[in-house]
Amino acid sequence: MDISTAIEDLSHELHSSSLEYLGFVSAVKKLAGDLGERQMIEIEIKNDGVTNTVPSEISLCLYRIVQEALHNAVKHSGTKYVKVHLQQTADQIRITLRDSGKGFDVGAVNGRGLGLASMRERIRLVNGTLVIRSKPTAGTIIRACVPFPVIVPPSHPITLQ
């Protein structure tokens, strides 16, 4: 890869226009496809009910968490397969990333990694939770949950006859 391609890739990572123009789910799929192709790794995306119309502050937070977690998997895990599960329930959006790579001691890296700290800070800003489970030789699971406001349609006006 030449330097201009590297700079262009970095620019796209810092400001993803695909998130703005395609929406959350499509942007995550594009990110996974592009990264998987560049790094020769299979990234499976499974979507259970998450739409492309996630509010911008939530979609940016979750997109950056997926981005950081995928980059960490590529850089550190040694795996050739990552599964990303997107789920939406009545009251939350949940993202689970799972790899079967070499894993790590979560306690030993707490506070040391800028990427993990960034993920924790982002999730805090949207009142969400982040759980990282990993053990050496046992892979890694990262789960991010964000409360999703339930939109209750206004009640129908009552007309008296």
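A short reminder: the numbers here are calculations on the coordinates, not readings from a lab. A quick note: this is a predicted structure, and the numbers were derived from the prediction, not measured. Cβ coordinates were reconstructed from backbone atoms using ideal geometry, including for glycine residues, and neighbour counts include every protein chain displayed.
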Taking amide H atoms as placed 1.01 Å from N in the peptide plane, list the residues 5 or more away in sequence, or in a different chain, whose amide H sits under 5 Å from that of Q92.
F148
Checking the a/c ratio against 1.5 first, then a/b against b/c, what shape does the Cα gyration tensor give for the range 3-147?
rounded
Give the total of Lys-Lys pairs in the range 3-147 with Cα-Cα distances below 15 Å; include a pair only if its members are 8 or more places apart or on different chains.
8
Let's see if you can work this out: charge +1 on each Lys and Arg Cβ, -1 on each Asp and Glu Cβ, no other charges. What is the dipole magnitude of the range 3-147 about its Cα centre, in debye to the nearest 20?
560 debye
Highest average packing first - 37-48, 87-98, 58-69, Cβ atoms within 10 Å:
58-69, 87-98, 37-48
